[in-house]
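Asker: First, the structure itself, so that you have it in front of you.
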Amino acid sequence: MIADNLRARAIVRSRIAGAARPSGGWLMLVTGLLAMIAMSIISVAQAASTPESFAPLVKRLKPAVVNIQVTQEPGNKKQEGQRIIPQVPPGSPFEEFFKEFDKRRRQNPHSRPSVSVGSGFVIDADGLIVTNNHVIDGADKISVSFVDGSRLDAELVGTDPKIDIALLRVKPEKGKPLTAVPWGDSDTGEEGDWVIAIGNPLGLGGTVTAGIISARNRDIRQGSYDDFIQTDASINKGNSGGPLFNVKGEVIGINTAIFSQSGGSIGIGFAVPANMAKPVVSQLLEYGRTKRGWLGVRIQTVSEDMAEALGLDKARGAMVAGVTEGGPAEAAGLEAGDVIVSFNNRDISEMRELPRIVAETGVGKAVDVRVWRNGKEKTFKVKLGELEKFEKAAQNGGKPKKPSKPAIHTVGAIGLKLSGLNDAVRERFKIDESVEDGVVVLDIAEGSSAAEQNIRPGDLILQVNQKAVESPQAVSDLVDNAVEQGRKAIVLQIRRNSNNLFVALKLKAKE
């Protein structure tokens, strides 16, 4: 930037000198002046987006960030399950010593209360505070400390373990409203944007760190709704529950997790996006719990081989591995083997997007669900249920309805020896009498596509390319049909140990 300004000034000086000579001209002078003005505007814009200091912003935000202290009394189940043995080399003489110490500590009814710390932030001047669920999980007492040294007891309004959010309430002193910070739009944050984290790392309250957004939409395998903001702003133990601010002073994330082998910051921290947290916080405030939309399907990723076998233009959407009996999807007509490519007019590019989008949709709302079935798209109108009610009352899955025809057949194109259901097969593979659907895998050819995909004896094939099968001959016919059509792969729906999954198998061409 400085080099660009120097070059612009040099151009202007040369053009002013040229204008003073007979061969020069006022046009060159004006052009040079315009160039300098343009560079000055760019410099001002760059300076505005990259402040020389975060001090004024930090001074304004710090009063809204709190330290949270959680106390667990002796006998608390969460405390009983905790171990405080230091890490020592296996086989070390200290290993048995510390194990015995920890055992005595947990057996002692007069042991001291355990105390842990975390961070949080005020979202309402009347006393609402947001933090992580894991910060206050199992607490017998929660207290909140402010930057001015004051401390207030907090009550728990509600929690959501699924995205690790908790809402607390404190009662401010009369005439002393709390400083609150606003939510920001986390969807507008881009990789490379400046962010600031303020919190209570390692018990050092009021600590400020700065960095950038390193990545968006991170899946760190913490749950069904992973969509984290990754940042290199230093985050350590005790930062959990604290805010991640943009340069406007808006909360765009809640610092939740880090990747580290040592337990300290290595520049890989993760925050729950504000746009995911805001509706959850609103529900906790209104109901004391969450109310998520529920579709009633189990899903899995659509691979490239599956897409090719099903005639999809590319790997996209979410494959329906199973439909919950009595659930919204079943009532609307969705079936296992459908590929959900759009939900409520939002395209599903990959499987993990669907649970989050469904959860964010209002309970009881009727939405359009577009699926890929038998080589074409079909739209269903689905009225969503409530996930929490289903989870509370969840029972065993639906009962199969259609009987299958006993037979034995070898399908060479996929390397499988198959059988219909009969008494001998049921006894061999411990298949319950209640199971009436499926074609049983008896054996797998060595080196075949089925062997590569870990198909196992005892697996039940329910579908081939989204078509239900009741006999080995039906499987063979559908496989032969796919080969004749020039397909390179097929998709089998498999039931294994009461779980349904889809597997793409490459087809062996006829010789």
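The values are calculated or read from the model by the stated rules, or taken from the named source; none is laboratory data. Source: prediction; values computed, not measured. Cβ sites come from the backbone with ideal geometry, for glycine too, and all protein chains shown count toward neighbours.
Asker: Would you confirm whether or not the range 249-259 contains a residue that is over 17 Å from the mean Cα position of the chain (by Cα), under 15 Å from residue 229 (Cβ atoms), at pLDDT 90 or above and among the charged types (D, E, K, R)? Walk me through it before giving the result.
Answerer: As a first pass, look at the range 249-259 and keep what is over 17 Å from the mean Cα position of the chain (by Cα): 249-251.
Then keep just the ones that are under 15 Å from residue 229 (Cβ atoms); that gives 250-251.
Filter again for at pLDDT 90 or above, leaving 250-251.
Pick out the ones that are also among the charged types (D, E, K, R) and you get 250.
For the range 249-259, residues over 17 Å from the mean Cα position of the chain (by Cα), under 15 Å from residue 229 (Cβ atoms), at pLDDT 90 or above and among the charged types (D, E, K, R): present.
Asker: Restricting to strands (runs of 3 or more DSSP E) lying wholly in the range 162-226: which have 3 or more residues that are hydroxyl-bearing (Ser, Thr, Tyr)?
Answerer: Working: elements: 165-169, 194-199, 207-218.
Output list reads 207-218.
Asker: Confirm whether residue 311 is within 30 Å of residue 186 (Cα to Cα), in contact (Cβ under 8 Å) with a residue 40 or more places away in the chain and either surrounded by fewer than 18 Cβ atoms within 10 Å (Cβ to Cβ) or not aromatic (Phe, Trp, Tyr) (or both). Talk me through it step by step, then tell me what you get.
Answerer: Details: within 30 Å of residue 186 (Cα to Cα): no; in contact (Cβ under 8 Å) with a residue 40 or more places away in the chain: yes; either surrounded by fewer than 18 Cβ atoms within 10 Å (Cβ to Cβ) or not aromatic (Phe, Trp, Tyr) (or both): yes.
Judged against the criteria, residue 311 is not a match.
Asker: Further question: Please indicate, with yes or no, whether at least one residue in the range 145-157 is part of a loop (DSSP other than H, G, I, E, B), touching a strand residue (DSSP E or B) at 6+ places or on another chain (Cβ under 7 Å) and of a type in the set (Phe, Trp, Tyr).
Answerer: Yes, some residue in the range 145-157 is part of a loop (DSSP other than H, G, I, E, B), touching a strand residue (DSSP E or B) at 6+ places or on another chain (Cβ under 7 Å) and of a type in the set (Phe, Trp, Tyr).
Asker: Which of the residues belonging to the range 469-487 are surrounded by fewer than 16 Cβ atoms within 10 Å (Cβ to Cβ) and in contact (Cβ under 8 Å) with a residue 12 or more places away in the chain?
Answerer: If the condition is that a residue be surrounded by fewer than 16 Cβ atoms within 10 Å (Cβ to Cβ) and in contact (Cβ under 8 Å) with a residue 12 or more places away in the chain, then 480 is the only one that fits.
Asker: Restricting the search to the range 430-445, which residues are of a type in the set (D, E, K, R) and buried (at least 16 other Cβ atoms within 10 Å of the Cβ)?
Answerer: Scanning the range 430-445 gives a single hit, 437.
Asker: Just to be sure, is residue 142 buried (at least 16 other Cβ atoms within 10 Å of the Cβ) and either within 12 Å of residue 67 (Cα to Cα) or hydroxyl-bearing (Ser, Thr, Tyr) (or both)?
Answerer: So residue 142 passes the test.
Asker: So residue 240 clears everything in (1) surrounded by fewer than 18 Cβ atoms within 10 Å (Cβ to Cβ); (2) in contact with a His (Cβ under 8 Å, 6 or more places away or on another chain) except one condition, right? Which one?
Answerer: Just one mismatch for residue 240, condition (1).
Asker: Still on this model: Just to verify a result, which residue in the range 346-369, among those that are exposed (fewer than 15 other Cβ atoms within 10 Å of the Cβ) and under 19 Å from residue 309 (Cα atoms), is modelled with the lowest pLDDT?
Answerer: This residue is 350.
Asker: Let me ask another. Sort out which residues of the range 300-322 are among the β-branched types (Val, Ile, Thr) and either more than 14 Å from residue 371 (Cα to Cα) or outside the structural domain of residue 373 (by TED's automatic domain parsing) (or both), and write them in order of number.
Answerer: Residues of the range 300-322 among the β-branched types (Val, Ile, Thr): 301-302, 320.
Selection gives 301 alone.
Asker: Report yes if residue 280 is under 21 Å from the mean Cα position of the chain (by Cα), in a helix (DSSP H, G or I) and among the hydrophobic types (A, V, I, L, M, F, W, C), otherwise no. Let's see the steps before the verdict.
Answerer: Details: under 21 Å from the mean Cα position of the chain (by Cα): yes; in a helix (DSSP H, G or I): yes; among the hydrophobic types (A, V, I, L, M, F, W, C): yes.
So residue 280 fits the description; yes.
Asker: Still on this structure, I have one more. What's the number of the only condition in (1) modelled with pLDDT under 95; (2) part of a loop (DSSP other than H, G, I, E, B); (3) farther than 16 Å from residue 269 by Cβ that residue 237 fails to meet?
Answerer: (3)
Asker: Any idea how many residues of the range 303-359 are assigned to a loop (DSSP other than H, G, I, E, B) and more than 21 Å from residue 464 (Cα to Cα)?
Answerer: To start, the set of residues in the range 303-359 that are assigned to a loop (DSSP other than H, G, I, E, B) comprises 303, 311-317, 324-327, 333-338, 344-345, 348-352.
Subset that is more than 21 Å from residue 464 (Cα to Cα): 325-327, 344-345, 348-350, 352.
Qualifying residue count, the range 303-359: 9.
Asker: Also, quick follow-up: Report yes if residue 264 is part of a strand (DSSP E or B), surrounded by fewer than 22 Cβ atoms within 10 Å (Cβ to Cβ) and at pLDDT below 95, otherwise no. Before the answer, list the steps.
Answerer: Details: part of a strand (DSSP E or B): no; surrounded by fewer than 22 Cβ atoms within 10 Å (Cβ to Cβ): yes; at pLDDT below 95: yes.
No: the conditions fail for residue 264.
Asker: Could you say whether any residue in the range 250-258 is in contact (Cβ under 8 Å) with a residue 60 or more places away in the chain, assigned to a loop (DSSP other than H, G, I, E, B) and touching a Pro at 6+ places or on another chain (Cβ under 9 Å)?
Answerer: So far as the range 250-258 goes, yes, one or more of its residues are in contact (Cβ under 8 Å) with a residue 60 or more places away in the chain, assigned to a loop (DSSP other than H, G, I, E, B) and touching a Pro at 6+ places or on another chain (Cβ under 9 Å).
Asker: Among the candidates 47, 139, 64, which residue alone is at pLDDT 90 or above and among the small types (Gly, Ala, Ser)?
Answerer: Details: 47 fails: at pLDDT 90 or above; 139 fails: at pLDDT 90 or above.
The conditions single out 64.
Asker: Please go through the range 370-394 and pick out each residue that is modelled with pLDDT under 85 and part of a helix (DSSP H, G or I). Even if it seems obvious, please write down each step before you answer.
Answerer: Here is the first cut: in the range 370-394, the ones modelled with pLDDT under 85 are 391-394.
Matches in the range 370-394: 391, 392.
Asker: Could you tell me whether the range 412-429 includes any residue that is outside the structural domain of residue 373 (by TED's automatic domain parsing), crowded, with 16+ Cβ neighbours inside 10 Å and within 27 Å of residue 376 (Cα to Cα)?
Answerer: yes
Asker: Hey, among 288, 327, 296, 317, which residue is on the phi > 0 side of the Ramachandran plot, buried (at least 17 other Cβ atoms within 10 Å of the Cβ) and in contact (Cβ under 8 Å) with a residue 60 or more places away in the chain? First the steps, then the outcome.
Answerer: Working: 288 fails: buried (at least 17 other Cβ atoms within 10 Å of the Cβ); 327 fails: on the phi > 0 side of the Ramachandran plot; 317 fails: in contact (Cβ under 8 Å) with a residue 60 or more places away in the chain.
Being on the phi > 0 side of the Ramachandran plot, buried (at least 17 other Cβ atoms within 10 Å of the Cβ) and in contact (Cβ under 8 Å) with a residue 60 or more places away in the chain holds for just one of 288, 327, 296, 317, which is 296.
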